[in-house]
Every structure is written in structure tokens, then in C-alpha cells.
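Input: a single structure, listed below in C-alpha cells.
Quick note: the coordinates plus some simple rules give every number you see, no bench work behind them. Note that the structure is predicted; figures quoted are calculated from it, not measured. Here the Cβ positions follow ideal geometry from the backbone for every residue, glycine too, while neighbour counts run over all protein chains shown.
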Ligand code: F6R
């Protein structure tokens, strides 16, 4: 059933182009307008929302962090993202005009379920983004937007994560459409770019030959740092989580701008630092991250850089470079997460660990 792969995780990494395509399928018109009739929450109700809170755990939480950048940019509604197990214990400010979006691959995560129960008791509407038909979380939500990743068996989430980002983007564009915060042609343009990502994910998958060699080189390292900025920051967190989960390797993700506020003290000769570089663009993000790479390199870091193909500035500072097809900043996580997933899979494989069933972890965490 692993289709010739050694691990379900590897199979699921390779299924990502299809998983994302299936998640987008049928949810937009030929003209690029969003069509999410399945939501069953009235448009008037969606116009009254004045705050969005995303609650989730683990990788799903990181998908939510990515989504926040897009949702606030597109809808101009304030969007918070919160770890589900923290949410109800802090007396969050929720009322009838709060939209709670919950993200869960399994749909059975107890922390997440408790959080949405609390939100609904306070009068919030809850939309679940879920991969499992009829699971408890979608059943207890007001509406559901399913990700169509197919069953995810490897404990470490891969296609689950990517499809969660894609589904959040659909929801964000839909809200922008209903609330009139974007022009139709702007929505169509983003939708067209989103719909074009599956073959680009495939291109990334086809270009990962160097990962095994990199994993062999770093297999005995004690710690790995991941840096990113903007949507690249949650991608860094996700890259670090994969390594912890399956390779039992200490790893931490940081916003690249925080380096100088502390984490750079960790950087020493040979410490591997992965850096997700935003696409070159009009803003200063890209150049700022380039300076961050120079800073860690000057202190001896071994740099693994994930950047847009043809970026002329990264080559000089990258010990190892993974190139991504050109996309806009908000869509880059759908590509940039892939080499990081594969890296964790290769390191864990080389260490001889059970990639699909890492120690101490369960696929769905049904206790708080
Ligand atoms: C990460 C991972 C976990 C889950 C988290 C939420 O690889 O598997 O962090 O993402 O436990 O699970 P769901 O999405 O099922 O609620």
C-alpha cells in the first residue's frame, strides 16, 4: 500500500501536487471566482465578522500561521492564530461576530475539539478545515471545508499541512470576495496562481536529488536552526517540527529578524542553518533575509538556503541551495515546505528510525 515507497511519509510527500490540486478542485469558477457553497454560512453573516481566530495544534497551527498573513492582507479582518490547548484557558475575547477557523487533519484532536466547544459556547461561528469526513471536529462545527489530501498515514503531517494552507487560502479569498475587499480580477489573479501551484510542487519534488547527500552530511549534527520571515517563518517552524518528530533531532525555527535578539548566540562553526528566502520583490523582505544569511555565515554557520530560482544574491552565501519556481510571496510556503519535509524524512531514514511511527507520537491525539 506504500506504492513502492519505503515510507508512507515519503509517498505522501510525493502525493502533494495531487492533494493540493484535489483540494482546489471545483471550488472556483472558470472566471476565477470562489465558489464555496458547501460552507453553509450565510454571506450576511460572513460580512458581520469583525475578527477571525484560527485555532489548531502542531503542523495545523503552523498552516494557520501561514494563513494569517494572507487572510489579513486579503480581507483586512484582524486574524489571530492560537495553539488550541492554550485557547480556552486564557478567557479569549469571543462573541457572535467572531469567526473561529479550526484546522485539523484528523478531526479528532482533543485540544482542538475543546477549543471549538468553548468558542461556540461563547457564540462564535466555527468553520473547520479538516481532512477526515464526518470526524468529530467537523461534526461539532457550524461549517466545514474539507481538504482532499486523501488518508494521511505517516504520523508526521506533510500533504495534510500543504492542503491546509491551500484550503485556508480558498477561505481567505472567499471572505475577500464576499466582503468586497478585493476586486474580482485581483481574486481571479491569485486564484489562477494558486491553481497553478501543483505542477510547481512537482518541479520541486523532481529537484531534490541533493537532499540525501545533505542528510548524510548532517546526520550526526546535534541541532539545526531554521530561519524565515513573513510566511517563511511558519515554514521554518514546520521544518524544525518535522526534524524533531521523526529524526529526534533538536531543531528550532525563528523569525530571521529575531536572530540578533538572542538566537544568533547559538550559531557557531558548522552549525547548520536553513534559511527560507522570500521571493525577490518590491518590499525589503528579501534583502533583509540575505543580510541574515550573511550574519550567520560570518559566524561559521553551514547554510542551507531555500530560494527562488535565479535569485542572484543567494549563491554566494549558500553552502547548499534549493531552488524554487517563481511564485508570489504568499504562495511560496506551498513550495518551500517540501525540501524541509524531505530532509527530515532522509535524516530519519539514515538514522534507521521508523519514519511513519516515531516514538512517543500518535497520529491523532485524542486526549487533552
Ligand atoms: C505534525 C503533526 C502534529 C499534528 C497535530 C494536529 O507533523 O503530525 O503536530 O499536526 O497533532 O493534528 P490534527 O491536524 O489531526 O488536528
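The table for this structure:
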item	result
Segment 83-104 residues that are under 24 Å from residue 237 (Cβ atoms) and without any contact (Cβ under 8 Å) to a residue 40 or more places away in the chain, paired with ones that are within 14 Å of the ligand (Cβ to nearest atom) and part of a strand (DSSP E or B) (beta carbon under 7 Å, 6 or more apart)	84/55; 84/56; 87/55
Neighbours by Cβ (under 6 Å, 6+ apart or cross-chain): first from segment 107-131, farther than 27 Å from residue 153 by Cα; second crowded, with 24+ Cβ neighbours inside 10 Å	119/100; 119/126; 120/126; 124/100; 125/99
Residue under evaluation residue 219, criteria (1) within 30 Å of residue 359 (Cα to Cα); (2) touching a strand residue (DSSP E or B) at 6+ places or on another chain (Cβ under 8 Å), criterion not met	(2)
Wholly enclosed helices (runs of 4 or more DSSP H) of segment 37-151 bearing at least 2 residues crowded, with 22+ Cβ neighbours inside 10 Å and in contact with a strand residue (DSSP E or B) (Cβ under 6 Å, 6 or more places away or on another chain)	58-75, 84-87, 110-121, 136-139
Residues that are buried (at least 18 other Cβ atoms within 10 Å of the Cβ) and touching a helix residue (DSSP H, G or I) at 6+ places or on another chain (Cβ under 8 Å), drawn from segment 237-251	237, 238, 239, 241, 242, 243, 245, 246, 247, 249, 251
Residue within segment 318-335 that is within 16 Å of the ligand (Cβ to nearest atom), out of contact with any strand residue (DSSP E or B) (no Cβ under 8 Å at 6 or more places or on another chain) and touching a residue at least 12 places away in the same chain (Cβ under 8 Å) present	yes
Within segment 321-340, considering residues that are more than 19 Å from residue 243 (Cα to Cα) and part of a helix (DSSP H, G or I), the one farthest from the chain's Cα centre (by Cα)	329
Considering residues of segment 286-317 that are out of contact with any strand residue (DSSP E or B) (no Cβ under 6 Å at 6 or more places or on another chain) and part of a loop (DSSP other than H, G, I, E, B) only, the residue surrounded by the most Cβ atoms within 10 Å (Cβ to Cβ)	311
Qualifying residues in segment 186-215 (those that are surrounded by fewer than 16 Cβ atoms within 10 Å (Cβ to Cβ) and part of a loop (DSSP other than H, G, I, E, B)) - the one farthest from the chain's Cα centre (by Cα)	209
Residue 99 being more than 18 Å from the chain's Cα centre (by Cα) and within 16 Å of the ligand (Cβ to nearest atom)	no
Condition met for residue 163 (more than 17 Å from residue 364 (Cα to Cα), part of a loop (DSSP other than H, G, I, E, B) and either away from the ligand (no atom under 13 Å from the Cβ) or in contact (Cβ under 8 Å) with a residue 40 or more places away in the chain (or both))	no
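Results for (1) under 22 Å from residue 179 (Cα atoms); (2) within 16 Å of the ligand (Cβ to nearest atom), shown as yes or no for each residue.
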{"position": "61", "(1), (2)": "no, yes"}
{"position": "69", "(1), (2)": "yes, no"}
{"position": "91", "(1), (2)": "no, no"}
{"position": "106", "(1), (2)": "no, yes"}
{"position": "119", "(1), (2)": "no, yes"}
{"position": "137", "(1), (2)": "no, yes"}
{"position": "148", "(1), (2)": "no, yes"}
